[in-house]
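The values are calculated or read from the model by the stated rules, or taken from the named source; none is laboratory data. Note that the structure is a prediction, hence the values are computed from the model and not measured. Cβ placement follows ideal geometry from the backbone for every residue including glycine, while neighbour counts extend to all protein chains displayed.
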Amino acid sequence: MEKDLNKTNQVEISESQAQAGCASCPAHNAANLQKLGVDMENWDFVVALAGNPNTGKSTVFNALTGLHQHTGNWPGKTVTRAEGGFDYGENRYKLVDLPGTYSLLATSLDEEIARDFILFGQPDVTVVVVDAARLERNLNLVLQVLEITNRVVICLNLVDEAERHNISVDDRRLARDLGVPVVPTVARYDEGLEELLAAISEVASGKTQATPYHVKYTHPKLDQAVSKLVSQIQEAFPQVPNARWVALRLLDGDERIIKAVEKGDLGELTYTVENLDGLGVDTVALKSGFRL
Ligand SMILES: Nc1nc2c(ncn2[C@@H]2O[C@H](COP(=O)(O)OP(=O)(O)O)[C@@H](O)[C@H]2O)c(=O)[nH]1
Ligand SMILES: [Mg+2]
């Protein structure tokens, strides 16, 4: 009991420090996670597992969680979700397997679920499992995840398959180029998983701080529009950690994000569209997709 109390105190301190930008504190949003069906009581960190289909995501999930897992549905959806946990070092990690997707543009229910989890749950770490033999195709999702969060570990899986096809991936170079840790693995044979756990814990605890690569958009008008919108979003939604990504999605006319702005779902917000006007956010432009 006493231990539980200590733990509660710890979480409270962590959350307030997290708001102040403490690098070693949990980044997840417990209230939003609850809405997304994830209870963080008794867990220190939440880790999301993302990746294209058939990259070995479930194999990684099973290897890390063993028997400590269960499946259910995503709240309000008929899509299955596997959830499990593991201990590493001093901490308890909850692992959530996201649907396998090629992108996060929310054009399918699976993509919407994966994106909403990363965007609103703000997992402490998002592990993106990629197929070493099909890296180019897989990087599309990686780059989209990097637009949303810095807290990423790349699990470069199927290294054995890649080798069979005479493909060798320079994982250090990849880590340098992407600006986040990259861990080569052969999940089917449990190779590299210790290193994967170490990388996850370093990102979760803030020991590793990434400077992720962001795709550069060179059109000056787009640049201008993005910066204008970024400052408006930051002013209206100071808690949103990825204003640039939100700006890009708004400019693309993304209905879900426009609605999230209007409803105030973008991070624990209570603003409505009426008082957004007062805050100077150009909602008409948002609604029309902000034509350039
Ligand atoms: N050769 C090899 N096969 C793997 C590896 N990881 C997973 N697999 C196999 O790839 C197939 C798809 O894996 P699965 O975990 O279901 O992929 P998911 O669709 O991403 O969840 C299964 O037959 C796995 O046994 C790996 O590192 N090497
Ligand atoms: Mg799977």
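Among the residues making up segment 55-89, those that are in a loop (DSSP other than H, G, I, E, B) and either charged (D, E, K, R) or free of Cβ contacts under 8 Å to residues at least 60 places away in the same chain (or both) are G66, L67, H68, W74, P75, G76, K77, T78, V79.
Quick one: in segment 88-110, of everything that is out of contact with any Asp or Glu (no Cβ under 9 Å at 6 or more places or on another chain) and away from ligand 1 (no atom under 15 Å from the Cβ), which residue is farthest from H165 (Cα to Cα)? Step by step, filter segment 88-110, then rank; the result is G89. Among the residues of segment 93-126, the ones that are polar (S, T, N, Q) and in contact (Cβ under 8 Å) with a residue 60 or more places away in the chain come to 2 in all.
Here is a check on your reading of the model: is S108 within 30 Å of D254 (Cβ to Cβ), modelled with pLDDT of 90 or more and more than 13 Å from the chain's Cα centre (by Cα)? Here the answer is no, as S108 does not meet what is asked.
Across segment 135-149, the number of residues qualifying as touching a residue at least 40 places away in the same chain (Cβ under 8 Å) and in a helix (DSSP H, G or I) comes to 9. Restricting attention to segment 41-53, the residues that are part of a loop (DSSP other than H, G, I, E, B), touching a residue at least 12 places away in the same chain (Cβ under 8 Å) and more than 8 Å from ligand 2 (Cβ to nearest atom) add up to 4. None of A162, A187, A175 is assigned by TED's automatic domain parsing to the domain that holds A50, touching a Ser or Thr at 6+ places or on another chain (Cβ under 6 Å) and not charged (D, E, K, R) except A187. With respect to N62, is the statement that it is of a type in the set (S, T, N, Q) and modelled with pLDDT of 90 or more true? Considered against the rule, which asks whether it is of a type in the set (S, T, N, Q) and modelled with pLDDT of 90 or more, N62 comes out as yes.
Of the helices (runs of 4 or more DSSP H) entirely within segment 150-229, those holding at least 2 residues that are under 20 Å from the mean Cα position of the chain (by Cα), surrounded by 12 or more Cβ atoms within 10 Å (Cβ to Cβ) and aliphatic (A, V, I, L, M) occupy 171-178, 193-204. Considering V215, V183, the condition of being β-branched (V, I, T) and in contact with a Cys (Cβ under 8 Å, 6 or more places away or on another chain) is satisfied by V183 alone.
The set of residues from segment 63-76 being surrounded by fewer than 19 Cβ atoms within 10 Å (Cβ to Cβ) and within 20 Å of the chain's Cα centre (by Cα) comprises N73, P75.
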